[in-house]
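Visitor: A single structure is presented below for examination.
The values are calculated or read from the model by the stated rules, or taken from the named source; none is laboratory data. For clarity, every value in this text was computed on a predicted model and none was experimentally measured. Cβ coordinates were reconstructed from backbone atoms using ideal geometry, including for glycine residues, and neighbour counts include every protein chain displayed. Please note that ligands, DNA and RNA were not included when accessible areas were found on the heavy atoms of the full protein model with its side chains. Shrake-Rupley method; radii C 1.70, N 1.55, O 1.52, S 1.80 Å.
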Amino acid sequence: MTSSRFVQQVLFFTGLISGCSCANAEWFSYQQSIMGTSTTTEIFADTQQQADQCSRLVFDEMRRIDALMSPYIEQSELSDINRNAATKPVKISNELFELIQRSIKFSQLSDGAFDITFASVGYLYDYRLKQHPNQQQIRQQLSALNYRNIQLNAEQKSISFSHKNTRIDLGGIAKGHAVDNAINLLRKCGIRNALVSAGGDSRILGDKNGRPWVMGVRHPRDKDRVVVSIPLKDAAISTSGDYERYFIEDGKRYHHIIKPTSGESVDQTWSESVIANDAMTSDALSTTLFVLGTENALKLINSLDGVEAIMIDANGKMFYSNGLMPPTVH
Ligand code: AMP
Ligand code: MG
């Protein structure tokens, strides 16, 4: 692709420009590394003390969710599931039960493009150590990768796997859930305007001094370039990209979003951004659309209410869902 294809644009997402949120307050910024990513919180508050106190709630919540859902923490509820659910039903918290239930809904919606059992093959990749499975290893694990191998028992609040090699990982949805919880906590803390981001998942509460926040989608091959800017208020935006966790071997990019039908990294998409009312939806859908590829992704997003998407395919071509007004050239 040529870089000239990327023109800096401002999209107008209808109905997003708002009135003033004036107050004798100011913005306070916080950053911590949690859930294996950079987490930032911007809070509009009357005093530093209030902002500090409310930001603490955000980071505590992110750490709580990480401790519950990380596949890298042995004591996490998720690790317990992966150790035991293939041999017996495992009782789980309401929170995890509901998130897994929502994940399965996204699998059903996308004919299995979004599938938390991707981990049945996904665990064989290590992007830091530049390790990937060979074809034989993938073949051995591929029948374990199927969301239909997950059985949820709503009465018992338990989960079991019908395949002995099945594993799950909530990496495609948990950050969005954490961001939503964080925004709810900020609201309860008396905050009316804020921005919370965990890696590629952000949610805006209110606006920025009476105007929308302008959120940039970065160039998938140049982190310093923004290819499109989107004004947003009271909305969530998530971006999935093949540049987040990856390594290149023999010219092939191995990255963290796995196509469930092949057990390999998706190679049709560079980045996928989704705008929704909540971050769990934008998070899960950005991963879903990334796997689906342009044509099917556009079909799906245009069939759903209240969500929009911007996608960049593996040729650097950009596509927009119907609700985003395409830019005009004069
Ligand atoms: P995101 O950055 O939100 O697109 O999430 C990427 C993460 O989703 C990866 O790091 C994996 O943990 C997880 N993931 C990878 N492939 C899939 C898939 N096909 N379905 C659901 N989650 C996936
Ligand atoms: Mg996502």
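Visitor: State whether the residues of segment 232-239 include one that is within 12 Å of ligand 1 (Cβ to nearest atom), closer than 22 Å to GLY199 by Cα and polar (S, T, N, Q).
Guide: yes
Conditions tested, residue by residue: (1) part of a helix (DSSP H, G or I); (2) open to solvent by 50 Å² or more (accessible area, probe 1.4 Å); (3) among the hydrophobic types (A, V, I, L, M, F, W, C).
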| residue | (1), (2), (3) |
| --- | --- |
| TRP27 | no, yes, yes |
| GLN31 | no, yes, no |
| THR40 | no, no, no |
| ASP52 | yes, no, no |
| LEU57 | yes, yes, yes |
| GLU61 | yes, no, no |
| GLU74 | no, yes, no |
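Visitor: Determine whether segment 189-202 contains at least one residue that is surrounded by fewer than 18 Cβ atoms within 10 Å (Cβ to Cβ) and at pLDDT 95 or above.
Guide: Yes, the conditions are met somewhere in segment 189-202.
Quick grid of which residues meet (1) away from ligand 2 (no atom under 16 Å from the Cβ); (2) β-branched (Val, Ile, Thr); (3) not in a strand (DSSP E or B):
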residue: VAL227; (1), (2), (3): yes, yes, no
residue: ILE230; (1), (2), (3): yes, yes, no
residue: ILE237; (1), (2), (3): no, yes, no
residue: ARG253; (1), (2), (3): yes, no, no
residue: SER262; (1), (2), (3): yes, no, yes
residue: ASP267; (1), (2), (3): yes, no, yes
residue: SER271; (1), (2), (3): no, no, no
residue: SER282; (1), (2), (3): no, no, yes
residue: LEU285; (1), (2), (3): no, no, yes
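Visitor: Further question: Taking the condition of a type outside the set (Phe, Trp, Tyr), modelled with pLDDT of 95 or more, closer than 30 Å to ALA144 by Cβ and open to solvent by 50 Å² or more (accessible area, probe 1.4 Å), does ASN296 pass? Can you show your working first?
Guide: Working: of a type outside the set (Phe, Trp, Tyr): yes; modelled with pLDDT of 95 or more: yes; closer than 30 Å to ALA144 by Cβ: yes; open to solvent by 50 Å² or more (accessible area, probe 1.4 Å): yes.
Yes, satisfied.
Visitor: Of all residues being of a type in the set (D, E, K, R) and closer than 13 Å to ILE258 by Cβ in segment 115-170, which is surrounded by the fewest Cβ atoms within 10 Å (Cβ to Cβ)? Just the residue, please.
Guide: Per the stated criteria, the residue is ASP169.
Visitor: Could you identify the single residue in SER55, SER93, SER79 that is out of contact with any Leu (no Cβ under 6 Å at 6 or more places or on another chain) and within 22 Å of SER120 (Cβ to Cβ)? Quick ask: steps written out before the conclusion?
Guide: Values: SER55 fails: within 22 Å of SER120 (Cβ to Cβ); SER93 fails: within 22 Å of SER120 (Cβ to Cβ).
On inspection, the qualifying residue turns out to be SER79.
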